[in-house]
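First up is the structure itself, then whatever we jot down about it.
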Amino acid sequence: MSALVSRIWFAATLATRARLVWMALSLPHLAAFAILLWSEGDAVSRAAFVLAWGVLNFALLALTRRPIPASALALALLTILVLLSRFKHSVVQMTASFIDVMLIDHDTIAFVFTIFTSLRWYVLGAVLIGGPILFALWRLDPFRMRRLPAAACMLACLSALTGLSFAWPEANWQAYNDNGYLSKFSRSGVTAIYDFVNGGFMDSAAASADRLRIPLEDSCQPGRPRPHIILVHDESSFDIRQARGVKVPGGYGSHFVSSDGKSRRFVAETTGGWSWVTEYNVLTGLSGRTFGRFSYFLTRIAAGRVERGL
């Protein structure tokens, strides 16, 4: 009788373990499918999402050979990308791009942790909680996949994603939409790496037959003293009523009323237009369009490289 009970208990334990295994294997992919339906709005974006999800999963499979921890880690990375994209969009109205990864540095990370002091505790908590869960999934997973087939599947998904990215390139204005987080990130990775490998950050010719004539003073001799130039760049506005005795037209104050109904003294645009390109052009005397696809990130690229200007 005891032997029969032992066999029944052993069979029930195996059945419970099997259900847990299949649940742990399917849940990350179901969660990713839910994120796809929520965040991707058209067929091209959804196809890019599926291919990027395949690249990520098969790359982790090639490293771990275990599908359960690989899919769980892929879902964690996807969740982090979505959260960072939504955070960036709430600050500068643009979602995360692969170029952000190319330009990431210690100063950027230090600035984020300084401004958002609670963020370091969230990161620490995620590591302390996620580490044991990932280890448990590692021990639970009975499946194994050979590295060569996983790498081949990853390359197949990457090739398809590359072809899709060049066939339907992402428009610059799409970065302002608060959706398509993974599809835009993956497609921007393909095009940004291609442009960087072929021409670097600057979209300039490899050589030029023209030469700059030196000294420049010989080319232009004004007949009178040069004037002082004052540029008013009215992307950010200060309420001039703070200065006494200044007359303003009727309805002037409505410009400084924000969405919460409060009147502000200063209104500053972040990235609703090309104001930062205008500032770069004026202050450096160089054209922001020379950065091509990277022009949206020219202030970060130029930091530490452009030293003199107006």
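Close Cβ contacts (under 6 Å, 6 or more residues apart or on different chains) running from residues in the stretch 248-267 that are more than 12 Å from Phe238 (Cα to Cα) to residues that are part of a loop (DSSP other than H, G, I, E, B) comprise Ser258/Arg264. Residue selection: Thr79 satisfies the criterion of being modelled with pLDDT of 75 or more and either of a type outside the set (A, V, I, L, M) or under 14 Å from the mean Cα position of the chain (by Cα) (or both). Exactly one residue among Ala72, Ala96 is under 27 Å from Val21 (Cβ atoms), open to solvent by less than 70 Å² (accessible area, probe 1.4 Å) and of a type in the set (Gly, Ala, Ser), and that residue is Ala72.
Can you tell me how many residues within the stretch 19-40 are under 20 Å from the mean Cα position of the chain (by Cα) and open to solvent by less than 70 Å² (accessible area, probe 1.4 Å)? Count: 5. Report, ordered by the first and then the second residue, all pairs with beta carbons closer than 6 Å, sequence separation of six or more or different chains, a first member in the stretch 126-150 that is within 13 Å of Leu73 (Cα to Cα) and at pLDDT below 70, and a second member that is open to solvent by less than 60 Å² (accessible area, probe 1.4 Å) and of a type in the set (Val, Ile, Thr). Short answer, once both residue conditions are applied: Leu137/Ile68. Scanning the stretch 188-234 for residues that are at pLDDT below 70, open to solvent by 90 Å² or more (accessible area, probe 1.4 Å) and not in a loop (DSSP other than H, G, I, E, B) yields Leu216, Glu217, Asp218.
Number of residues in the stretch 40-85 that are aromatic (Phe, Trp, Tyr) and closer than 18 Å to Ala175 by Cα equals 1.
The values are calculated or read from the model by the stated rules, or taken from the named source; none is laboratory data. Because the structure is a prediction, the values reported are computed rather than measured. Because the Cβ atoms are built from the backbone with ideal geometry, glycine has one as well, and the counts that use them run over all protein chains shown. When the accessible area is computed, the model is the full protein with side chains, heavy atoms only, and any ligands, DNA or RNA have been set aside. Shrake-Rupley method; radii C 1.70, N 1.55, O 1.52, S 1.80 Å.
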